[in-house]
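What follows draws every value from the coordinates through simple rules; no lab data is involved. All of these numbers come straight from a predicted model, not from anything done at the bench. Every residue, glycine among them, receives a Cβ derived from its backbone with ideal geometry; neighbour counts consider all protein chains shown.
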Amino acid sequence: MRNKLKQLMKKEEGFTLVELLAVIVILGIIVAIAIPAIGSVISNAGSSANKAEDALVLDAARLYRVENPTAGAVTELQLQDAGYLETRSGEKFTTAVPGRTITFDAKGKATLPASATTP
């Protein structure tokens, strides 16, 4: 009987407390390195999304200008009403928030004022 108990105790498999603590410390170090990197990726993604939106607005304004060559400056609201832009939610701009005004220089180059969301 005693021999059987010794054999069962020798066959016990598992991790020691020191091994578990070492793994936890290593995981903690990995997390400490990864969190700042993920934060900068999220920040860069937001900045890139804002730049892409601005490029889309400028493209819409250029298309509008091609079909309406006599138009001077155009607002985002005008572009949306003409069907060149849509908001993400599908809602229209309100008159209280008409959007930015896109202007054209003598050569027809569109310029967009900086938005509050663009860094």
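Key figures
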item	result
Segment 36-45 - phi-based ³J(HN,Hα) in whole Hz, Karplus 6.51/-1.76/1.60, Gly and Pro as x	x, 5, 5, x, 6, 5, 5, 4, 5, 5
Whole-number percent relative contact order across segment 21-111, with pairs defined as alpha carbons under 8 Å at least 6 apart	24 percent
Amide H contacts under 5 Å for Leu112, placed H, 5+ residues apart	none
Cα-centred dipole magnitude for segment 1-72, charges only on beta-carbon of K, R (+1) and D, E (-1), debye, nearest 20	780 debye
